[in-house]
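Notes follow the structure.
The values are calculated or read from the model by the stated rules, or taken from the named source; none is laboratory data. Keep in mind that what you see is a predicted model, and the values were worked out from it rather than measured. A quick note on method: Cβ atoms are made from the backbone with ideal geometry, for glycine too, and the neighbour counts reach across all protein chains shown.
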Amino acid sequence: MVFATYEGMLATALSATLIGLDSQPVRVEVETRRGPPKFELVGLAEAAVRESRVRVRSALKQIGVDIGECIVTVNLGPADLPKTGSGFDLAIAAAILGALGLISPEAIADVLLLGELSLDGGVHPLRGALAHLLGARKQGVKRIVLPRANEAEAALVRDLEATTVATLGELVEAWRGGRVLGRVPSPAAFAQTAIAEGPDLADVRGQLAARRALEIVAAGGHNILMMGPPGAGKTMLARRLPSILPLLATNDALEVLAIQSVAGALPAQSLLAQRPFRAPHHTVSDVALIGGGGDVPRPGEVSLAHNGVLFLDELAEFRRTALEGLRQPLEDGDVLISRARVKVSFPSRPILVCATNPCPCGYYGDRSRHCECSTDRIRHYRARLSGPLLDRIDIQVALPPVEIDALWKGERGEASASVRERVIAARNVQRQRQKAEQVSASCNAALTARDVERVIVPCVEGATLLKRAVERLALSARGYGKVLRVARTIADLEPTARVTPQHIAEAITYRALERTSVAGP
């Protein structure tokens, strides 16, 4: 057992705290001096950080270090930056050991230390490890020590010397013995050459118009609303959208996994470069859907679905405030959450897929089943979906009931793999055009108003057709832009460089639901 008898010793270690997805560096300064046992911690720390004194003291005892005769002062700087989480334990323990002279200051210099300590000296996994790794690389940090349980995340980041430990004793033995800890191989290869097995679009019988709309959605990254009676295939189609989307590029996949890491929602299986699919229940709260909660905002479903699919089934049953909260993320591609001490931004650019019934009983317009809903009841039901929200949905389609012959005798539809090839080709066309025009948008749906003017120039006949549609359907300026973006995607699927009147006419049909079926009987 080593008893602390050193006076006036000072040591510094490096750690970090998360503000949204941004890893902010934190300087951990420790001073030790002889005196009655006391452990002071300053630096705008939340409860979980302040409780580190108990965990650190016990973990140090497990490796034979007793600070029972010391006054230990820990300062987390910068002082005005809120410190959250339990990931400071490892850095605090290392700085105490440095202040006691038990390890060399050079051992902890320029090393980012992250990890929560258990009472027996074990190092527990860290929430948001991947976000910390990406932040460390951005800040120029070269070495980082993480919990062994975060090894899979550590293996994803290039240009960073990452090591993992299971216990505090393992780390201290390496430092005191001058031994180099085993490095995590970097980077791990994403499984980008294969699509995980899942629902296939070939399972869908009939609904050719909806299948066509879904292909356009995938090719251009557009949002879609499907309205139809129960059993028409709305949910079935939505769950097959990921199967026709291109695999994520490496940087996009890292961003998706970083969000999931911060939320504690990383998949248990190996980390794959696949697009997320989120389908929250209609009872979801505003905070769970949009993000936020407490002093440490967390990403909501709209951010967890970033670069993937957010499926809202039974759309009219969601809380009105939750749906209205989606308007800003759908428009800007991120969620800004403000608190008294901190502002947090989470990326949120999913493909929004919505499904709803035409009326409370679900059978309005169904020729085979009688709808018992009154006109006022139907209008009240549909009024739950506000005009501004519907205006942000690019494609709106009505799904008729599926004919029994299509289910019984109908052949399987086109497989997802075939559709995905056309989608990838259309995305490549967009990427090349955006690069030539110096446009930063990743797909047509993300084009800004200024980009639309540069990239999408309809012919005179097409412009005239669009003008008549604006007047007849009372489209807003946003709706006008949505039609142009969808028409551009339809042209890219052919592919053709020119947006023709036929492309615009098809795009207009995907806005007609807004002024007919949705408006009421």
Check your understanding: Where in region 77-170 are there helices (runs of 4 or more DSSP H), lying wholly inside it, with at least 2 residues that are closer than 22 Å to LEU41 by Cβ?
Key -> 89-99, 105-108
Point to revise | Enumerated helices (runs of 4 or more DSSP H) restricted to region 400-490, each holding at least 1 residues that are in contact (Cβ under 8 Å) with a residue 24 or more places away in the chain and either touching a Ser or Thr at 6+ places or on another chain (Cβ under 7 Å) or more than 30 Å from ALA202 (Cα to Cα) (or both) | key: 416-436, 449-455, 460-473
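To keep it simple, each residue is scored yes or no on (1) closer than 26 Å to VAL262 by Cα; (2) aliphatic (A, V, I, L, M); (3) without any contact (Cβ under 8 Å) to a residue 60 or more places away in the chain.
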| site | (1), (2), (3) |
| --- | --- |
| ALA91 | yes, yes, no |
| LEU100 | no, yes, no |
| LEU126 | yes, yes, yes |
| GLY135 | yes, no, no |
| ALA149 | yes, yes, yes |
| GLU153 | yes, no, no |
| LEU156 | yes, yes, no |
| GLU170 | no, no, yes |
| GLY178 | no, no, yes |
**Study point:** In region 76-135, the residues that are acidic (Asp, Glu) and modelled with pLDDT of 95 or more
**Key:** ASP89, GLU116, ASP120
Revision key, fill the gap. Of the listed residues (ARG485, ARG450), the one being under 18 Å from ASN428 (Cα atoms) and either within 35 Å of the chain's Cα centre (by Cα) or at pLDDT below 95 (or both) is ARG485
Revision key, fill the gap. Those residues of region 151-168 that are over 10 Å from LEU133 (Cα atoms), buried (at least 17 other Cβ atoms within 10 Å of the Cβ) and not hydrophobic (A, V, I, L, M, F, W, C) come to a total of 4
Point to revise | strands (runs of 3 or more DSSP E) enclosed by region 268-352 - at least 2 residues per element that are under 28 Å from ARG379 (Cβ atoms) and within 18 Å of the chain's Cα centre (by Cα) | key: 309-312
Check your understanding: Any idea which residue in region 171-188 is modelled with the lowest pLDDT, counting only those that are of a type in the set (A, V, I, L, M, F, W, C) and assigned to a loop (DSSP other than H, G, I, E, B)?
Key -> ALA188
Review point. For GLN396, which of the numbered conditions (1) of a type outside the set (A, V, I, L, M, F, W, C); (2) under 17 Å from LYS234 (Cβ atoms); (3) surrounded by fewer than 16 Cβ atoms within 10 Å (Cβ to Cβ) fails to hold?
Key: (3)
